[in-house]
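Undergrad: My structure is below; once you've seen it, I'll send some questions.
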Amino acid sequence: MEYVQERITTLHHLQETTPAAPTDRAAVVVPMTEREYAGLAAEGVLSELEAVAPKRVVVPLRAPAEKVGPFRDWLAGFDLPLEVLWCNGPTLADLLADNGLNGSAGKGRDVWLALGQVLDADYVVCHDADTKTYDRSYVSRLLFPLEHDHQFSKGYYARVENGQLYGRLFRLFYAPLIRALADATPDAEILGYLDAFRYALAGEFAATGDLIADMRVQRSWGLEVGTLGEAFAHAGIDGSAQVDLGAYEHDHRAVGGPTGLSEMSAAVGEALCRVVDEHGVDIDYGTLPDRYRAAAESLRRQYAVDAAYNDLAYDRDDEREQIDTYADALREPGEDTRLPAWNNAPISPKAVADAAAADLAAATGGSTTE
């Protein structure tokens, strides 16, 4: 049984117990899109949350206008203090545009909008809705470090499903990219911090309300990496923790396509490079793709042995092709489009709530029933 500590506090699932945690003082943010509507995974997540009894649940929803009403009605069937924040209505879009915040939409922007609604909570938990193995203990596990002198915690887990290794974007892109950067700048504290997270791209995290108010947020797939950068800046190594969430399964994405892993890798890579650059790491972008490939191939060989040891299927050629695809996505970050910390935002959370409520009422014929 493994119980090794990392540079950050690492809490292990050593016994079948759920730690006591202040769920009644926590708000839970669960971003959703139209693909989660009435899905088995999302239904399981919400059903488990019913047993947790958090203070609030906010669902930032990105969906077409014609889907919003049925989606809201479906969510209202759960015994939860649940609020729907429709994130892509026209009134809200105009509000953001008028304040220079409209830009590209994505998961990160949706989460940012929802975080503004829960600033009064002592603690905030954020997690995805497509987790097939979601368990009610996740909320307590993520909250536990916050009651024990930490300001930020993140979940981790092994991604083994259907007789093979998953977690491809983390183990074939993020981890070797960190290793390549650390080889060139071994004393950079930010790289040691980012490397300490066992599943840095996990969507599950918790933070104090004060930290949430100070966080800038990436607009899209760079959300998780950007969150780690903000946690390092405001909580630091001593204020950060990670917790073992055990078995974990969720939907998988193809490598190619408009929402595939290749597109995600570009956003993750840009967010990661921006974070480490802000903390003093000088990146040689000319040599970075080759250095990344070398680190990724070394890790790929290790994963191949691990898979064989566990009698798991392993496609070497496919993993090599993924490495090449991810290397092609590496580039110097472009314009910084991060959303501001709510402590410094040019709009108020109430203005967002009012605009989203007006959009929801218009899309559902004036009905505001939750």
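The values are calculated or read from the model by the stated rules, or taken from the named source; none is laboratory data. These numbers were taken from a predicted model, which means no experiment stands behind them. Cβ sites come from the backbone with ideal geometry, for glycine too, and all protein chains shown count toward neighbours. Note: areas computed on protein heavy atoms with side chains; ligands, DNA, RNA excluded. Shrake-Rupley method; radii C 1.70, N 1.55, O 1.52, S 1.80 Å.
Undergrad: Specify the angular offset, from 0 to 90 degrees and rounded to the nearest 10, of the alpha carbon long axis of helix 261-278 from the longest principal axis of the alpha carbons in the chain.
TA: The two axes meet at around 80 degrees.
Undergrad: P(r) tail for the range 139-249, what percent of Cα pairs lie past 25 Å?
TA: On the way: 1317 of 6105 pairs.
Pairs farther apart than 25 Å: 22 percent.
Undergrad: What figure in square angstrom, to the nearest 10, would you give for the accessible area of R293 with a 1.4 Å probe?
TA: Around 70 Å² of this residue is reachable by solvent.
Undergrad: Another question about this same structure. P(r) for the range 274-370: what percent of alpha-carbon pairs falls in each 10 Å bin, starting at zero?
TA: Reading the bins upward from 0: 11, 23, 18, 17, 20, 10.
Undergrad: Work through the residues other than G106 whose Cβ is under 9 Å from its Cβ and net out their charges, Lys, Arg +1 and Asp, Glu -1.
TA: Values: positive: R62, K107, R109, R219; negative: D110.
Result for the neighbourhood of G106: +3.
Undergrad: Per DSSP H run of n ≥ 4, the term is -39500 (n - 2.57); total these for the chain, divide by its residue number, and report the mean residue ellipticity at 222 nm rounded to 500 deg cm²/dmol. Before the final figure, lay out each step's value.
TA: Working: 13 runs with 153 residues, N = 370.
Counting only the DSSP helices, I get -13000 deg cm²/dmol.
Undergrad: Oh, and also: Quick one: angle between helix 65-75 and the longest Cα principal axis of the chain, in degrees between 0 and 90, rounded to 10, please.
TA: For helix 65-75, the angle is close to 90 degrees.
Undergrad: In percent, how large is the relative contact order of the chain, given Cα pairs closer than 8 Å and 6 or more residues apart?
TA: Numbers: 659 pairs, mean separation 89.5, N = 370.
Relative contact order here is 24 percent.
Undergrad: Further, regarding this structure: Along each of its three principal axes, how wide is the spread of alpha-carbon positions in the range 1-124, in whole angstrom units, largest first?
TA: 51, 35, 26
Undergrad: Considering only DSSP beta bridges whose two residues both sit in the chain, what percent are antiparallel, to the nearest 5?
TA: Once the DSSP bridges in the chain are tallied, antiparallel ones form about 30 percent.
Undergrad: Provide T17, T23, T10 ordered by accessible surface of protein heavy atoms (probe 1.4 Å), highest first.
TA: Details: T17 85, T23 25, T10 0 Å².
Result, largest first: T17, T23, T10.
Undergrad: Can I ask one more? Using a 1.4 angstrom probe, figure out how much accessible area the range 138-211 has per residue, in square angstrom, rounded to the nearest whole.
TA: Details: 2310 Å² over 74 residues.
Counting only protein heavy atoms, the per-residue value for the range 138-211 is 31 Å².
Undergrad: When the dipole is taken about the Cα centre of the range 154-254, and only Lys, Arg (+1) and Asp, Glu (-1) are charged at their Cβ, what size is it in debye, to the nearest 20?
TA: Dipole magnitude for the range 154-254 comes out near 400 debye.
Undergrad: Let me ask you something else. Which one, G222, P90, Y326, is farthest towards the positive end of the dipole of the chain when Lys and Arg carry +1 and Asp and Glu -1 on their Cβ?
TA: Highest projection toward the positive end goes to P90.
Undergrad: GNM on the chain, C-alpha springs below 10 Å: top fluctuator among E270, E332, E16?
TA: Of E270, E332, E16, the Gaussian network model singles out E16 as fluctuating most.
Undergrad: Compute the distance from the alpha-carbon center of the range 123-162 to that of the range 70-108, in whole Å.
TA: A separation of 23 Å, based on Cα centres.
Undergrad: A further question on this structure: Taking a 1.4 Å probe, which of H12, H279, H127 shows the most accessible area, and what order do the others take after it?
TA: From most exposed to least exposed: H279, H12, H127.
Undergrad: Taking all protein chains together and a probe of 1.4 Å, list E278, E321 from the most accessible to the least accessible. Show your work: numbers first, answer last.
TA: Working: E278 80, E321 115 Å².
Greatest to least solvent exposure: E321, E278.
Undergrad: Ignoring ligands and nucleic acids, what accessible area does K67 show with a 1.4 Å probe (Å², nearest 10)?
TA: My reading of the accessible area for K67 is about 90 Å².
Undergrad: Pick from P340, P31, P60: which is most flexible by mean-square fluctuation in a GNM of the chain where alpha carbon atoms under 10 Å apart are linked?
TA: P340
Undergrad: Nearest 10 degrees is fine. How inclined is helix 40-52 to the longest principal axis of the chain, computing both from alpha carbons?
TA: So the inclination is approximately 70 degrees.
Undergrad: In the Gaussian network model of the chain, springs joining C-alpha atoms below 10 Å, which of L299, L228, L11 carries the largest mean-square fluctuation?
TA: L299
Undergrad: Given +1 on the Cβ of Lys and Arg, -1 on the Cβ of Asp and Glu, and no further charges, what dipole in debye does the chain carry about its Cα centre, rounded to the nearest 20?
TA: Working: 32 positive and 60 negative charges, 35 e Å.
For the chain, the charge dipole is close to 160 debye.
Undergrad: If you don't mind, another one. When Lys and Arg each count +1 and Asp and Glu each count -1, what net charge do the other residues less than 12 Å away from A313, Cβ to Cβ, add up to? Mind dumping the intermediate values first?
TA: Numbers: positive: R316; negative: E161, D311, D315, D318, E319.
Charge balance near A313 sits at -4.
Undergrad: Note the per residue figure in Å³ for the convex hull of the C-alpha positions in the chain. Provide the component values of the computation, followed by the final result.
TA: Values: hull volume 48.6 nm³, N = 370.
Convex hull of Cα atoms, per residue: 131 Å³.
Undergrad: Quick one: what are the phi-derived ³J(HN,Hα) couplings along the range 354-362, Karplus 6.51/-1.76/1.60 with θ = phi - 60°, whole Hz, x for glycine and proline?
TA: 5, 5, 5, 5, 5, 5, 5, 5, 5
Undergrad: With a probe of 1.4 Å, find how much accessible area the range 291-370 has per residue, and write the answer as a whole number in Å². Before the final figure, lay out the partial values.
TA: Details: 4450 Å² over 80 residues.
For the range 291-370, the solvent-accessible area averages 56 Å² per residue.
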